[in-house]
Structure formats: structure tokens, C-alpha cells
Amino acid sequence: MTQEIIDAVREIEREKGIENGALIAALEDALLAAYKKTPGSARHATVELDDNGDFRVFAIEIPRKLEEKLLDEAREKKLQELEELETETGERSHLLISDDDLEIEWSQVPSEKIKRTDVTPENFGRIAAQTAKQVILQRIREAEREMMYEEYVDRVTEVVTGIIQQAGDRNNVLVDLGRVEALLPRSEQVDGERYEQGSRIKAVITEVRSSTKGPQVILSRRDPELIKTLFELEVPEIADGLVEIRAVAREPGYRSKIAVVSHTQGVDPVGACVGPRGSRVRMVVSELRGEKIDIIPWNAEPARFIAKALAPARVREVFVDDETRESTVVVPDDQLALAIGKEGLNARLAARLTGWKVDITSDSEFAQHEADAAFSGGEEEFVGRCSAILANGKRCPNAALPGFRYCGVPAHQELVSLAPEEAAELTVEEGDAVEAEVAVALEGENSEPLAIEPEAEQAAPESGEEDGATAS
């Protein structure tokens with residue numbers, strides 16, 4: 001082997017990014033294995049590269065007693081490793097240990113006790129040339145696979161752009177990422193999307209597997225990280241850190257909700273994501289093939305955040321339980337279907353976005369539930385809102401008297417004698433519900449009259465165009 005070949009090997013190491021000397025060391029190991037297969041080979045030998053660029057084989061001899069001692073130590077070390085492996089795996093090993101398979105610790109042998117003899121075979125040049133070709137090609141492939149694996153394993157959760165190479169089989173869509181082909185499995189595809197060969201596509205790297213054929217990159221079009229990255233690309237305020245996406249809830253192919261918050265005074269987070277005339281959010285919707293996106297302003301107060309999350313439905317009241325993280329949302333009767341959404345989609349996304357369990361009920365159902373609870377005969381006294389319906393279609397904002405369904409307004413007390421079904425069909429004048437002091441009904445025949453102040457209506461924030469945005 002000439003010096004030019006050695007220089008070429010080292011040049012390959014530099015071009016492929018292989019560690020310096022790795023190919024030469026691999027060649028030495030391969031040539032040593034080839035020498036051991038030749039008849040009459042020495043028990044201990046080493047292969048070294050001389051100054052002329054040729055590989056030479058040297059037989060190594062050491063004193064008999066020292067050799068036996070080192071072999072015993074190597075055997076004990078090997079047995080200990082096998083015992084540890086059996087303990088970890090729980091399987092008994094039936095491997096036979098041969099002296100030829102043991103590696104002696106040559107660092108423990110004094111240099112003056114080592115005798116080296118050149119035993120290079122006559123046809124070793126031809127063996128070296130054939131081995132060099134095989135080893136170099138193999139190590140280059142291994143190095144390239146290792147470098148690609150290290151490159152993509154650090155890019156998990158990153159959004160990449162690729163070109164669809166094969167889309168005939170919906171179960172496995174191959175995407176060319178440049179240096180490697182990625183796989184978009186059926187479970188990570190979005191229902192209704194069509195993947196045409198040659199078209200560009202953006203997807204999230206969810207997993208990188210190492211295999212003998214190179215790294216296998218798994219992509220996803222269903223991951224919520226895709227929406228975050230798309231908004232970062234389209235909205236400069238998010239890329240600069242002025243606006244942050246706090247939470248994402250997604251039903252791939254149908255609808256998504258994102259909660260955004262501004263870290264800079266004067267920057268509207270919803271307006272920044274929507275863009276001039278909806279240009280920014282429209283680009284994201286186009287990349288997601290028409291998936292609708294609701295942009296919700298994030299709020300630290302759970303009740304307000306839940307009310308916003310149910311957009312585009314308007315919410316009247318939200319009752320939250322901090323211990324169980326459950327909430328009851330009261331909406332107008334005409335907003336119930338919109339709040340729940342088709343097949344419960346809107347309510348389901350709101351629950352995922354906020355992290356709270358959301359129970360949606362209409363205004364009339366909530367009033368009936370309060371009335372039923374008040375007259376259920378329970379031992380605990382029930383206090384709730386007045387069940388009277390005003391002429392504007394809203395419930396009376398006053399608190400009901402303890403143990404009664406209505407407040408102390410005379411017009412509302414007249415409804416006490418009516419059946420719940422008849423009372424629900426009647427309405428009273430709105431002015432009757434805002435008297436400063438009203439006479440109250442007696443709880444018993446001998447009870448003293450009680451005067452109360454009517455409570456002001458505390459409606460939960462409604463989700464309108466100023467609070468949220470919907471793109472489709």
C-alpha cells in the first residue's frame with residue numbers, strides 16, 4: 001500500500017467528517033482478523049502501518065507464566081460481564097469462552113518482556129488492498145448514517161419542509177428531506193388531506209430511529225407543534241417574543257384553538273396573529289388545508305379564560321371549582337348549540353385549551369336546575385338567582401330569597417303561586433327587577449318581613465370579535 005493511498009484515506013476522513021485515524025485503525029483491525037485466519041498465524045499479533053505506507057504484521061511473545069496470569073484475569077473479567085448481563089436481562093448465557101477470544105491488557109506487560117517478530121505474509125499486500133476497499137466503503141457508510149442520525153435526533157419536535165416522493169399508498173407516504181427520506185405514517189396523517197407526488201409539505205419530526213439502513217425519520221401532520229411553528233413563521237411578533245402562544249388545542253382537519261398573550265403593552269395578541277385583513281392567519285389556514293382556527297386571548301382568571309375559549313359562542317356565567325378544576329358554563333338558550341359545537345367539538349377543544357372540565361348548560365336549564373334543587377326537600381338550604389324571566393329574555397339578576405325560587409320583587413313573588421311550567425312562560429317588566437328595596441315574601445305565617453338589596457348582574461365576559469378571532 002503506497003503513501004498516496006494513505007493520503008487518500010485521510011482525505012476521505014476529512015471530507016466525510018470521520019474522526020482522524022479512524023479508517024486507519026479500522027484497516028489495522030480488519031487486517032489483523034485476516035491474518036489470524038491464515039495457517040500458522042501467531043497467537044498474539046498486531047498490525048501496524050510503517051513509514052513506507054505498508055502494513056506490517058508483528059508477532060508478540062511474552063513469558064509463559066505472565067501470559068497465563070493475564071489470560072486468567074481476562075477470563076474473570078469476561079465472566080463478570082456475562083453475570084451482570086444475565087442479571088439485567090434475566091436470561092442465562094450459554095456462551096463458551098475461548099482463550100483466542102480473550103483480550104489481554106498489554107498495558108500491564110513491561111516493555112522489556114515483550115518480544116516482537118515481523119511475520120508479514122508474502123501475499124499480505126493483496127489481502128491489504130482487498131480489505132482496505134471493503135473497510136473504507138463500510139466505514140464511510142456507517143459514518144454517514146451516524147452523522148445523519150445525530151443531525152435529525154436533535155431536531156425532534158422541529159417543523160421541516162419536504163417533497164412528497166411516494167403517495168400512492170396512503171399507509172406510507174415518503175417525504176424527501178434532502179439528505180434522508182422521511183416517513184409519514186397513516187396514524188400521523190390528517191383525514192381529508194391529499195398528498196400528491198412532487199408537492200411540498202410541512203410536518204413535525206416526532207421520532208428518529210436508528211437502523212442498519214440509516215436513520216428513519218417519522219413525521220406528523222397532526223402534532224400541535226405544527227400550528228405553533230406556522231404562526232412563528234407568519235407572525236413577527238411571536239418570533240420576536242412580543243406575543244406568546246400559551247396553549248394549543250387541535251382537532252386535526254377540523255378546528256383548532258390557540259391561546260395567545262402579549263408581553264408588551266400596546267400589542268394586541270389576537271390582532272397580531274390575525275394580521276392585516278386576516279392575511280397572516282389565512283396563510284396558516286392555507287397550509288393546514290382549510291382547518292379553522294380560533295385565536296383566543298389568554299387570561300389568568302379561569303372563569304374569563306373558559307368564557308373566551310368557547311368562542312364564537314356568547315357566555316353569560318361561569319362557575320368554577322378550583323379543587324376539582326371543574327366548571328359550569330351558562331349560555332343563552334340560542335347559544336347552546338354553538339357553544340357545544342358539532343359533535344361536541346367546540347366544548348372539547350375549550351376543555352383541552354384551558355385544562356378544565358367544562359359542563360355547558362342553557363340559561364333556562366340552569367334556572368330549572370336551581371329551582372329543582374331548592375324544592376328537592378334536602379336538608380341544606382338552597383340560595384340561588386331569581387328564576388323570573390324579564391321582558392328582554394334575560395333572567396332576573398337579583399338573588400332568590402332563602403328557600404324560595406324568586407326574589408322579593410312583588411311582581412316576581414306573584415309567580416310563587418304558579419306552577420314552574422306556567423311561571424317559565426310568563427315575563428315581567430324589567431324595571432321591577434331594579435328596585436332598591438323591596439318587600440319580601442314571608443317564609444312562614446308568623447315571620448317578620450325582610451328587606452334585601454338586589455344584586456347586580458355579574459355576567460361572564462362574552463366572547464365577541466373584540467376578544468377573539470376565528471379564521472376559516
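No lab work stands behind these numbers, since they all come straight from the coordinates. It should be emphasised that the depicted structure is a prediction, and the values quoted were computed from it without experimental measurement. Neighbour counts are summed over all protein chains in view; Cβ atoms, including those assigned to glycine, are modelled from backbone coordinates with ideal geometry.
What ratio of Cα Rg to 2.2 N^0.38 Å holds for segment 171-282? Write down the numbers at each step before the final one.
Values: Rg = 16.6 Å, N = 112, 2.2 N^0.38 = 13.2 Å.
Expressed relative to 2.2 N^0.38 Å, the Cα Rg reads 1.26.
Calculated FRET efficiency, Lys357 and Ser199, Cβ-Cβ r, R0 51 Å, to nearest 0.05? Spell out each step's value before the answer.
Working: r = 41 Å, r/R0 = 0.80.
The value I calculate is 0.80.
Averaging 1/r across all pairs of distinct Cα atoms in segment 156-220 and inverting the result yields a Kirkwood radius of 11.8 Å. Summarising the label geometry, the points placed 7 Å from Cα in the beta-carbon direction at Ala337 and Arg126 lie 8.9 nm from one another.
Between Leu418 and Lys292, what is the FRET efficiency for a Förster distance of 41 Å, r being their Cβ-Cβ separation, to the nearest 0.05?
0.35
Amide H to amide H, with H built 1.01 Å from N, Ala247 comes under 5 Å of Ala259, counting only residues 5 or more places away or on other chains. Over all other residues within a Cβ to Cβ distance under 11 Å of Leu219, the charged ones net out to -2, with Lys and Arg as +1 and Asp and Glu as -1. In this label model, Arg348 and Thr46 are separated by 6.8 nm, measuring between points 7 Å along each Cα→Cβ vector. Across segment 122-161, counting alpha-carbon atoms alone, Rg and Dmax equal 17.4, 58 Å. Sorting the segments 295-307, 201-213 by their mean number of nearby beta carbons within 10 angstrom, highest to lowest, gives 295-307, 201-213. Spin-label pair Thr264-Lys69: with each label point 7 Å from Cα along the Cα-Cβ axis, the two points sit 7.5 nm from one another.
Return the subset of Lys202/Lys357; Lys228/Lys357; Lys69/Lys115 for which the Cα-Cα distance in this structure is over 29 Å, preserving the input order.
On the way: Lys202/Lys357 33 Å; Lys228/Lys357 24 Å; Lys69/Lys115 18 Å.
Beyond 29 Å between Cα atoms: Lys202/Lys357.
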